[in-house]
Amino acid sequence: MYLADSRATPAPGTAGGGTSPVRRAAVVPGTVLALGTVSLITDISSEMVTAVLPLYLVAGLGLSPLGFGLLDGVYNGVSALVRFAGGRLSDRREGGHKTVAVIGYGLSALCKPLLLVAHGVPLIGAVLAADRTGKGLRTAPRDAMISLASEPAGRGRAFGVHRAMDTAGALLGPLLAFLVLRAAAEGYDAVFTVSGCVAALGVLVLLLFVPGRTGAAAPVRQTAAERAPLRALLQQPEVRRLTCCAVLLGLTTVSDSFLYLTLQRRLDLSESWFPLLPLGTAAAFLLLAVPFGAIADRFGRRRLFVCGHLALLTAYGLLVAPAGSSVVLVCPVLVLHGSFYAATDGVLAAATADAVPEAVRGSGLAVVQTGQAAARFVCSIGFGAAWTAWGDRTALGATAAGLAVSAAVSALLLRTPSPDTLPESAS
Amino acid sequence: MNRTKRLVILFAAVLLLGGVALGATLHAAGRAAEKDRTQAGSPPVRSGEVGLDTPGREVFRNMAWGPHRDEIVSVPAGGPDGPRTASGVKCLRFHAASGTGICLQAVHGKLRDTYRAVVLDAKLHELHRYDLAGIPTRARVAPDGRAVAWTVFVSGDSYAGTAFSTRTSVLDLHTGTLDRNLEDYRLLMDDRPYKAPDLNVWGVTFADDDRFYATVATGGRTYLVSGDRRTRTLRTVHTNVECPSLSPDGTRVAYKKRVQGASPDAPWRLYVLDLRTLRETATAEQRNVDDQAVWQDDRTLLYSLPGNYGSDLWTVSADGSGHSRRALPAALAPALTGRR
């Protein structure tokens, strides 16, 4: 179906002979590969820490943080602000994207050695908050650089390549942490040191191999958009529509941990399976990110973004359906969940880049992504309450109904205009 | 900067950072190897038979460095400084009563470590095993040995894994019924049904094989609850109680109380609650206690404090009098044999 459709509506620049896609396959821009490498390395580093942190707290430090989190809900609000600030600051001057990204990656890298000296729950919480601040700061400028470095026609694929590399890092991180702990039992300090070294390498690759100036050399002037970026951005109908859909769909996107919990309970999986479920999603995401990105370029990024949510809807459906209690269902649910990410994560960034002028690219990406993240957070809270009140199946059924409505509304909202008529300055 | 120059810098950095990473790992590996060697002055340990039905012995996890580190060992309750008899069974958490043992242990896999709960008979042979969803923190056996409970610590899969929660399971050894998650029980808060998504349950202590006490946390507060396996209910009894431990006569609960003005890192003191009057008594232990205490007899509490080898066991009187005293160095998770 995808293929037939993509031939019917070729994206600009791809119509023509059979050799053209092959030729284009070779040209993922160097900057995108460099940023992908930075993300891969950084994700190895941060997932190493994530993987051992609970064990470190309980077994290493002998703390028992039973029943309370290291970061409270308030931080989610702060992190949304940071993300937006990162996007906005990076648009300020030429080369700003790289500067803000370096600060963001650098801040997270500095946090790893700090874990060696932070020995209490409040201090570790503070270090993790700083780490997340770094992540919040860098996301929008990094995506802006990817969008500016890639040809508009191949942007979906460029983001797909980046997301695949990012996910590969997330899969490798826990493995590396395990190897370190295998070599040195209880060597949490070694894990943090190795993680810090890996993170430093990521920053260095960013500094050395990502050009400070990406995309058009047009001088960025003080525009109305820059003085009041949020309002000006949301005044643009395209940005407004995308943000609206991202929020609407985000409000009905159940967080990963709830999905895995439902999966485990519905299918009565053994406890030891539980930690493996995220790996299934990540593997599907990793394998599908590039092909789905390429499909998005031909089929329409917005259309694939909406279709990706249909994959999620199907996954919900399998879990809610009365027949949904066979262990065989684990595989399709995780593949659908991974497909959902592959068809929406980088694709949304690419679609946003289509709608936002270069001068405010970072801010535009930050607005849409912040809206989506905030909506998902609200969904987690609501889903948690619904789960408690009605049970997992009813809660998921209600969410599925909501998702179906959101997807239908989004399909209408995102129908026009087609990507070829979007404002895109020559690059 | 040209490409060659950048590659040279990158290569140099890889060497340097790789060296630091390797050095840190080797250093930690050396330190880990050190823990497998017996240290001078540490209690002598030798292999032997550990029986959970031999009366008058203290059984616990040996924390002393050497080949028997982390194994379940026993010493005569009267002479705790004597040589330790090591069973060869390694546990992170352990408890025993009436000849039944519960051992929460790590399983070292090829690509990751997992955890499991193992029910042991009086000779420490495995009877049943269950996979665990997270890191073990608490374990208890009912006084008659016919039910066991455990708590593990599960973390969210979100970036920087900051959402922590507990999962407490109770296993009926008579029927083989496993209540995987006590959060599924009906909670009565001041006798009214109560539901919340942020509910956590941990630290079961049994009255008999059906009734127990535990901690429930919700909305930033902790509660002592009394639980009943037949009716699947939890009923709040008191507030600000964590890791309860019921006295052998069933009249009092020793617990961790979060006290005002303490550092957020060390907020707990060891208290005893009279279940009839709900009167709280502070023990003479002034330090932060983060353990589910064990009653040595109806007057004395046994609990863990950080020590040179990770943990030492201390005793203090349950009535608030006297001083705390170190009972067993390099030990964790004790149980007394030959007691119902």
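The values are calculated or read from the model by the stated rules, or taken from the named source; none is laboratory data. The model shown is predicted, which means the values in this text are computed figures rather than measured ones. Methodologically, a virtual Cβ is constructed for each residue, glycine included, from the backbone with ideal geometry; neighbour enumeration extends over all protein chains shown.
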Inset, instruction - Go through the stretch A:1-56 and give me each residue that's of a type outside the set (D, E, K, R), modelled with pLDDT under 50 and either touching a Ser or Thr at 6+ places or on another chain (Cβ under 7 Å) or part of a helix (DSSP H, G or I) (or both). - result: A:TYR2, A:LEU3, A:ALA4, A:SER6, A:ALA8, A:THR14, A:THR19, A:SER20, A:PRO21, A:VAL22, A:ALA25
Inset, instruction - Could you tell me which of the residues A:LEU288, A:LEU261 is assigned to a helix (DSSP H, G or I), crowded, with 19+ Cβ neighbours inside 10 Å and either of a type in the set (A, V, I, L, M) or within 14 Å of another protein chain (Cβ to nearest Cβ) (or both)? - result: A:LEU288
Inset, instruction - Might you check whether a residue that is under 26 Å from A:ALA395 (Cβ atoms), in a strand (DSSP E or B) and at pLDDT 95 or above occurs anywhere in the stretch B:153-167? - result: no
Inset, instruction - Consider only pairs whose beta carbons are under 9 Å apart and that are at least six residues apart or on different chains; among these, list those whose first residue lies in the stretch B:139-156 and is free of Cβ contacts under 8 Å to residues at least 40 places away in the same chain and whose second residue is in a strand (DSSP E or B) and among the basic types (Lys, Arg). - result: B:PHE153/B:ARG167; B:VAL154/B:ARG167
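Out of everything in the stretch A:356-412 that is of a type in the set (Phe, Trp, Tyr) and buried (at least 16 other Cβ atoms within 10 Å of the Cβ), what residue ends up being farthest from the other protein chains (Cβ to nearest Cβ)? Before the answer, list the steps.
Of all residues in the stretch A:356-412, those of a type in the set (Phe, Trp, Tyr) come to A:377, A:383, A:387, A:390.
If we keep only those that are buried (at least 16 other Cβ atoms within 10 Å of the Cβ) as well, we get A:377, A:383, A:387.
Numbers: A:PHE377: 11, A:PHE383: 8, A:TRP387: 6 Å.
Across the stretch A:356-412, the extreme among qualifying residues is A:PHE377.
Looking at this structure, is A:ALA130 within 11 Å of chain B (Cβ to nearest Cβ), out of contact with any Gly (no Cβ under 9 Å at 6 or more places or on another chain) and crowded, with 24+ Cβ neighbours inside 10 Å? Write out each step before concluding.
On the way: within 11 Å of chain B (Cβ to nearest Cβ): yes; out of contact with any Gly (no Cβ under 9 Å at 6 or more places or on another chain): yes; crowded, with 24+ Cβ neighbours inside 10 Å: no.
Taking the combined requirement at face value, the residue does not satisfy it.
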Inset, instruction - Provide a single number: the residues in the stretch B:87-119 that are farther than 26 Å from A:ALA51 by Cβ and in a loop (DSSP other than H, G, I, E, B). - result: 2
Inset, instruction - Name, by its number, the condition in (1) surrounded by fewer than 21 Cβ atoms within 10 Å (Cβ to Cβ); (2) without any contact (Cβ under 8 Å) to a residue 40 or more places away in the chain; (3) closer than 21 Å to B:ASN181 by Cβ; (4) not polar (S, T, N, Q) that does not hold for B:LEU132. - result: (1)
Inset, instruction - Only one of these is part of a helix (DSSP H, G or I), of a type in the set (A, V, I, L, M) and modelled with pLDDT under 90: A:VAL78, A:VAL102. Name it. - result: A:VAL78
Inset, instruction - May I ask you to verify whether A:ASP143 is within 12 Å of another protein chain (Cβ to nearest Cβ), crowded, with 20+ Cβ neighbours inside 10 Å and touching a residue at least 60 places away in the same chain (Cβ under 8 Å)? - result: no
Inset, instruction - Just give me the residues in the stretch B:228-277 being touching a residue at least 40 places away in the same chain (Cβ under 8 Å) and among the basic types (Lys, Arg), in sequence order. - result: B:ARG229, B:ARG232, B:ARG235, B:ARG252
Inset, instruction - Report the residue count in the stretch A:229-283 for those that are under 21 Å from A:GLY364 (Cβ atoms) and touching a His at 6+ places or on another chain (Cβ under 7 Å). - result: 1
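Taking the stretch B:1-52, which residues are within 26 Å of B:ILE102 (Cα to Cα), away from chain A (no Cβ under 14 Å) and modelled with pLDDT under 90?
Going residue by residue through the stretch B:1-52, those that are within 26 Å of B:ILE102 (Cα to Cα) are B:35-36, B:43-52.
Among the residues that remain, those that are also away from chain A (no Cβ under 14 Å) are: B:43-52.
Residue satisfying the conditions is B:PRO43 alone.
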Legend entry - Test set (1) out of contact with any Asp or Glu (no Cβ under 9 Å at 6 or more places or on another chain); (2) in a strand (DSSP E or B); (3) buried (at least 19 other Cβ atoms within 10 Å of the Cβ); (4) not assigned by TED's automatic domain parsing to the domain that holds B:LEU313 - B:HIS68 fails condition number: (2)
Inset, instruction - Look at B:ARG138 and say whether it is under 19 Å from B:PRO248 (Cα atoms) and within 14 Å of chain A (Cβ to nearest Cβ). - result: yes
Legend entry - Every pair of residues 6+ apart whose Cβ atoms lie under 8 Å, when the first sits in the stretch B:298-312 and is away from chain A (no Cβ under 13 Å) while the second is exposed (fewer than 14 other Cβ atoms within 10 Å of the Cβ) and not basic (Lys, Arg): B:ASP298/B:ASP249; B:ARG299/B:ASP319
Legend entry - Count of residues meeting criterion [within 11 Å of chain B (Cβ to nearest Cβ), assigned to a helix (DSSP H, G or I) and modelled with pLDDT under 90] in the stretch A:112-126: 5
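For the stretch B:33-47, does any single residue satisfy the condition of being in a strand (DSSP E or B) and either within 23 Å of B:ASP291 (Cα to Cα) or in the same structural domain as B:TRP314 (by TED's automatic domain parsing) (or both)?
First pass over the stretch B:33-47, keeping only residues in a strand (DSSP E or B): B:45-47.
Subset that is either within 23 Å of B:ASP291 (Cα to Cα) or in the same structural domain as B:TRP314 (by TED's automatic domain parsing) (or both): none.
Looking through the stretch B:33-47, none of the residues is in a strand (DSSP E or B) and either within 23 Å of B:ASP291 (Cα to Cα) or in the same structural domain as B:TRP314 (by TED's automatic domain parsing) (or both).
Counting residues that are within 14 Å of another protein chain (Cβ to nearest Cβ) and buried (at least 22 other Cβ atoms within 10 Å of the Cβ), which strands (runs of 3 or more DSSP E) fully inside the stretch B:176-287 reach at least 1? So that I can check it myself, show each step before the final result.
Working: elements: B:186-189, B:192-194, B:200-206, B:211-218, B:221-228, B:233-239, B:242-246, B:252-258, B:268-274, B:280-282.
Because the criterion is at least 1 residues that are within 14 Å of another protein chain (Cβ to nearest Cβ) and buried (at least 22 other Cβ atoms within 10 Å of the Cβ), the strands (runs of 3 or more DSSP E) in the stretch B:176-287 that meet it are B:186-189, B:200-206, B:211-218, B:221-228, B:242-246, B:252-258.
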Inset, instruction - Answer yes if at least one residue in the stretch A:163-178 is facing chain B (nearest Cβ under 7 Å) and in contact with a Ser or Thr (Cβ under 6 Å, 6 or more places away or on another chain), and no otherwise. - result: no
Inset, instruction - Working carefully through the options B:SER317, B:SER324, find the one that is under 19 Å from B:GLY78 (Cβ atoms), more than 16 Å from the chain's Cα centre (by Cα) and either surrounded by 21 or more Cβ atoms within 10 Å (Cβ to Cβ) or in contact (Cβ under 8 Å) with a residue 24 or more places away in the chain (or both). - result: B:SER317
Inset, instruction - Looking at (1) modelled with pLDDT of 95 or more; (2) within 17 Å of the chain's Cα centre (by Cα), find the lone condition where A:SER363 falls short. - result: (1)
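Examine the stretch B:229-241 for a residue that is within 30 Å of B:VAL50 (Cβ to Cβ) and of a type outside the set (A, V, I, L, M), and state whether such a residue exists.
Initially, the stretch B:229-241 is screened for residues within 30 Å of B:VAL50 (Cβ to Cβ), giving B:229.
In the following step, the residues that additionally are of a type outside the set (A, V, I, L, M) were identified as B:229.
The answer is yes, given that some residue of the stretch B:229-241 is within 30 Å of B:VAL50 (Cβ to Cβ) and of a type outside the set (A, V, I, L, M).
Mind checking which residues of the stretch B:185-208 are of a type in the set (D, E, K, R) and modelled with pLDDT under 90? Spell out how you get there, then give the answer.
First, pick out the residues of the stretch B:185-208 that are of a type in the set (D, E, K, R): B:186, B:190-192, B:195, B:198, B:208.
Within the stretch B:185-208, B:LYS195, B:ASP198 qualify.
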Legend entry - Test: B:ARG146 is over 23 Å from B:ALA335 (Cα atoms), more than 9 Å from chain A (Cβ to nearest Cβ) and basic (Lys, Arg): no
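Condition check ((1) aromatic (Phe, Trp, Tyr); (2) assigned by TED's automatic domain parsing to the domain that holds A:LEU329; (3) modelled with pLDDT of 95 or more) across all residues:
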| position | (1), (2), (3) |
| --- | --- |
| A:SER270 | no, yes, no |
| A:TRP273 | yes, yes, no |
| A:PRO278 | no, yes, no |
| A:ALA283 | no, yes, yes |
| A:ALA289 | no, yes, yes |
| A:PHE299 | yes, yes, no |
Legend entry - The lone exception for A:ALA101 - which of (1) in contact (Cβ under 8 Å) with a residue 40 or more places away in the chain; (2) under 27 Å from A:GLU186 (Cα atoms) it fails: (2)
Legend entry - Filtered residues of the stretch A:269-294 (kept if in contact with a Leu (Cβ under 6 Å, 6 or more places away or on another chain) and touching a residue at least 60 places away in the same chain (Cβ under 8 Å)): A:THR281, A:ALA282
